[in-house]
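Everything below concerns the one structure shown next.
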Amino acid sequence: MQSIIHRLGFIAVLITTVTAFDINANPLQHFDNETAAAEQAENTTKEASVQQVISSQQSSAESEAVITNINQADHTIDSQGLTEEDSHQVNGLLNQLHESAISADWETYFNLYHPDAIFIGTDATERWNMVQFRAYATPTKGWRYDLQARHLLQIGDIIVFDEQLFSPAYGISRGTGALIQTEQGWKIAQYHLSFPIPNDKAKRITSLIMQ
């Protein structure tokens, strides 16, 4: 009988020891889980911060690129098929176009266009005849696009042109169009203003446009 009692006592002590170990082990396991979760959250935060810095640097780099060549002094101007007189007249006309837009001299500006001319703006909705374009432009204080390069090409009675411009608001811009000969001299039949998109940025820009 005494041997049985001793055995029962030993079993009771063993059970008590195991239970105490479980009680003490669970808080440690819980602590380990909390520590792991905290470390994971900290790593996630660090990764997000790194991505934000990279994005900020990329954005800053692109912003800096926009204002490059703002003070470019050398203008590349060439013409093919034009007489010297026509080249002088057309370059003067296009220069005057930009100068009158800066000063919002709309009478001079629109006198450089043919009455049936079309202006195509940077937005997909902006295809205007002269009545519509004048209604858009007249209330404004004008806009600034400085010449950086221009190419003229005469084919028969038509002169087509393309010019690289710089806008303090938008950076590098492009104007293309055509002029026709009239009794009053050369007049703009069409002008198309656009923003050239670098190939390595095209996917990102066009994805924003599709949103």
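Observations
- Residue that is nearest to Leu179 (Cα to Cα) [pool: residues in the stretch 94-134 that are in contact (Cβ under 8 Å) with a residue 60 or more places away in the chain and open to solvent by 60 Å² or more (accessible area, probe 1.4 Å)]: Asp116
- When each of Ile172, Ile158 is tested for being in contact with a Leu (Cβ under 9 Å, 6 or more places away or on another chain), of a type in the set (A, V, I, L, M, F, W, C) and under 18 Å from His114 (Cα atoms), the lone residue that passes is Ile158.
- Positions within the stretch 173-211 being surrounded by 17 or more Cβ atoms within 10 Å (Cβ to Cβ) and hydrophobic (A, V, I, L, M, F, W, C), in sequence order: Ala178, Leu179, Trp186, Ile188, Ala189, Leu193
- Subset tally (residues that are among the acidic types (Asp, Glu) and open to solvent by less than 60 Å² (accessible area, probe 1.4 Å)) for the stretch 135-161: 1
The values are calculated or read from the model by the stated rules, or taken from the named source; none is laboratory data. Predicted model only: the values in this text are computed from it and were never measured. All Cβ positions, even for glycine, are placed from backbone atoms using ideal geometry, and neighbour counts span all protein chains on display. When the accessible area is computed, the model is the full protein with side chains, heavy atoms only, and any ligands, DNA or RNA have been set aside. Shrake-Rupley method; radii C 1.70, N 1.55, O 1.52, S 1.80 Å.
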